[in-house]
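First the structure, in the form of structure tokens, and then the observations on it.
Taken together, the values in this text are just the output of simple stated rules run on the coordinates, not laboratory data. Since the model is a prediction, treat every value here as computed from it, not as a measurement. Glycine gets a Cβ as well: all are built from the backbone with ideal geometry, and neighbour counts include every protein chain shown.
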Amino acid sequence: MNRIFSGMQPTRQLHLGNYLGAAKNWVALQNDYECIFCVVDLHALTIDHDPETLRNNTREVAAAYIACGIDPARNVLFNQSAVAGHAELNWIFACHTPLGWLNRMTQFKEKAGKQRDNAVLGLYSYPTLMAADILLYHATHVPVGEDQKQHIELARDIAGAFNRYYGKDYFTLPDPVIQGEATRIMSLRDGTKKMSKSDESDYSRINLADDADTIALKVRKAKTDPEPLPETVEDLEKRPEADNLVTILAALTDRTRADVLRDHAGSQFSAFKAVLVDVAVAKLSPISAEMNRLMADKGEIDRILKHGAERATAIAEKTISQVKDIVGLLRV
Ligand code: AQP
């Protein structure tokens, strides 16, 4: 059966981009695939973090998955650091990945910025850990937003290099699944920048846990231009902030941008934003209410994660044993 692996980092709270670009699609995919959903807490160590906040965010991301509609009984749901195989396979891959491949990764360039020499090694080697996450479970498909496509391509390259080096068709080459209208939701403050957890401004994103008043305020303050909404997608694409808000409404209502323009061409942003607020609040309020309910019983979240980690470990240990045999590490 085709198997899915995907994850999100518990760096701050999940936002609308994480929901529309990833979690919302996962919910639909769980009917057709065997799914492994991970809270990738080892990846969250690649940026500044506070230990207690990281622990809390890890539970909160697990709660968000469930609140978005992931069924923890049907799917494997766990946190990455609970399964040792991720870190073990990362090292093996680090020893099979040319530096030139990592040098091409745009996420490192964006996140390290001008502080390249001060960036930590983990941020640079993030893609080999991500390849380990996916290949450890022989996942065939990885649902992600557009921003992660380059990392999936690298995971395929690493799998191919490993297979060629040892002359074995061992690792499955995973395919990215980039679905829907919202493959890249942009910042509410700058339509050319990705909506991101690590953006300093909270007004740049709508968090899944935001209440109705906060959502309304953030949408009202979202950057726009003075023109009314255009008739065509072609004209819309010349206006990044307008395009972003139309894309968000389209994705929240499972329509295309052309559908949204059919209803709203000629509207001023004040009227359009009022519609967007109503839809966003209607879609996100039940999710944040459910997250709050789940977070009130942390013991239950921990039980779900522990059970998921046991199921994930059973698969991961088999892969690690086979990989050790293939690469020549003695197992006594
Ligand atoms: N803006 C976005 N639009 C669409 N999809 C997005 N994703 C992230 N941002 C957007 C998708 O969400 C999943 C989980 O992402 P992640 O937590 O692993 O980290 P990220 O991609 O680096 O997201 P952030 O918000 O920018 O996190 P920080 O700031 O912590 O690095 C992925 O499938 C991603 O494609």
Please give the length that would be gained between Asp213 and Ala94 if that part of the chain were fully extended, namely 0.36 nm times their separation in residues minus their C-alpha to C-alpha distance (nm, one decimal). 38.2 nm
³J(HN,Hα) across the range 211-227 via Karplus (A = 6.51, B = -1.76, C = 1.60, θ = phi - 60°), whole Hz, x for Gly/Pro? 7, 4, 5, 5, 4, 4, 5, 5, 5, 4, 7, 4, 5, 9, 10, x, 7
For the chain, what is the calculated [θ] at 222 nm in deg cm²/dmol (nearest 500), taking -39500 (n - 2.57) for each run of four or more DSSP H residues and dividing by its residue count? -16000 deg cm²/dmol
Please report, in debye to the nearest 20, how large the charge dipole of the chain is about its Cα centre when each Lys and Arg carries +1 at its beta carbon and each Asp and Glu carries -1 there. 600 debye
Pairwise label distance in nanometres, Asn2 with Trp101, each label 7 Å out on the Cα-Cβ vector: 2.4 nm
Below 13 angstrom from the Cβ of Glu234, what's the summed charge of the other residues (Lys, Arg +1; Asp, Glu -1)? -1
Starting from the 7 Å offset along Cα-to-Cβ, what nm value, one decimal, do you get for the label separation of Val332 and Asn56? 4.7 nm
Non-local amide H neighbours of Leu188 (under 5 Å, H modeled in plane, Pro and chain starts lacking H): which ones? Arg205
If I stretch the segment between Thr313 and Asp175 completely, what's the gain in nm (0.36 nm per residue apart, minus their alpha carbon distance), one decimal? 47.4 nm
Would you please put 99-108, 244-253, 271-280 in order of how densely packed they are, using the mean number of other Cβ atoms within 10 angstrom per residue and starting with the highest? 244-253, 271-280, 99-108
The simple spin-label model distance between Ser285 and Asp302, using points 7 Å out along Cα→Cβ, in nm, is 3.4 nm
